[in-house]
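The values are calculated or read from the model by the stated rules, or taken from the named source; none is laboratory data. None of these values were measured; they are calculated from a predicted model. Glycine also receives a Cβ, built like all others from the backbone with ideal geometry; neighbour counts cover every protein chain displayed.
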Amino acid sequence: MDMEQAKREAALLARRREELDTLKQQRKERAKTSTTASFSGKQKKQQLRARKQRLASRRDEEAAMDLQSAQYEEFYAEKPPTIEEEDGDAEVEAFRAEPDFFARNNDLDNDLSSRLKLTVALGKNNKDAVGKELSSFFVKETKEQIQLRLMEGQRPLNLAKRETPLLASVSDRDPILDHPKRPRWTYSMSKEKVDANESLMFDQWLTKIHDKYDNEHLNHFEHNLEVWRELWRVTERATHIVVVADVRNPLLHIPASVYDLVTKELKKPMVVVLNKVDLIPSAVVQLWKRYLAGRFPLAQL
């Protein structure tokens with residue numbers, strides 16, 4: 001009896017040892033193929049050091065972005081138009097020596113200029129004289145308007161409108177919203193007199209618009225008189241006027257007031273070029289051509 005019991009215990013012990021050996025072997029096999037195999041002490045230190053470097057680099061980037069944002073806010077903050085200048089400063093002297101390219105655009109009457117806050121949207125980084133003079137001036141948006149636009153941009157698109165056809169409707173044109181017209185002038189008038197007449201007309205044009213409409217109800221439009229002067233020069237000196245319009249919505253690119261000026265007042269030929277015609281069906285292109293021919297009969301398509 002004792003001998004048989006001893007044999008059974010020995011067999012049971014041997015079976016347990018085999019099971020343990022099998023488990024150990026399985027663990028070794030898993031350790032070889034596992035991506036989470038344990039690192040050595042040296043590898044672990046290298047991993048921690050790399051992680052600290054990544055965190056430090058990320059903190060440096062965030063600090064740089066915060067500094068840039070603070071500088072941006074400080075630059076565009078509303079401050080009185082005064083700066084501290086030290087005599088002998090080379091940069092200050094160079095700034096004083098530069099011609100005032102915007103002198104003829106700073107002639108808005110006090111009431112209008114106190115209500116408008118303009119920002120240079122295009123061309124502020126130009127280094128040449130012409131580029132500075134032709135920078136675009138737009139009314140600066142408030143922080144509330146910018147935040148509201150950002151919130152509107154996060155709303156989902158109404159894709160159901162894609163199933164309905166796009167209808168072009170021409171609303172009644174308010175003459176106040178037409179582009180500014182150059183006052184009559186002659187070669188016998190002095191340059192100062194011509195500039196004064198144009199500045200006065202431009203002030204009156206802006207005043208009428210901003211008196212009748214709030215900034216929230218106006219699209220961005222040019223407040224730099226020099227840009228409008230370029231339009232006047234081009235339309236007066238050109239033999240033909242060519243307007244390039246995106247065929248997907250050409251009404252956005254064909255100013256009705258410019259069409260009236262060129263074809264009816266200046267009596268000059270006007271050509272409308274429809275581009276990006278490969279992006280829409282040819283049948284739609286033909287429909288637009290038919291519509292524009294009726295809308296602008298004196299223009300050549």
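Structure values in brief
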quantity	calculated
Long-range neighbours under 6 Å by Cβ, at least six apart or interchain, first residue within 13 Å of Asn249 (Cβ to Cβ) within segment 278-289, second in a helix (DSSP H, G or I) and of a type in the set (Val, Ile, Thr)	Val285/Val277
Flag for Asp195 being over 30 Å from Tyr291 (Cα atoms), surrounded by 13 or more Cβ atoms within 10 Å (Cβ to Cβ) and in contact (Cβ under 8 Å) with a residue 12 or more places away in the chain	yes
Subset of segment 267-279 [surrounded by fewer than 14 Cβ atoms within 10 Å (Cβ to Cβ) and closer than 14 Å to Leu298 by Cβ]	Lys267, Val271
Criterion violated by Ser257 - all others in (1) touching an Asp or Glu at 6+ places or on another chain (Cβ under 9 Å); (2) surrounded by 15 or more Cβ atoms within 10 Å (Cβ to Cβ) satisfied	(2)
So Asp21, is it of a type in the set (D, E, K, R), at pLDDT 65 or above and out of contact with any Pro (no Cβ under 9 Å at 6 or more places or on another chain)	yes
Residue within segment 163-184 that is part of a helix (DSSP H, G or I), basic (Lys, Arg) and not assigned by TED's automatic domain parsing to the domain that holds Pro255 present	no
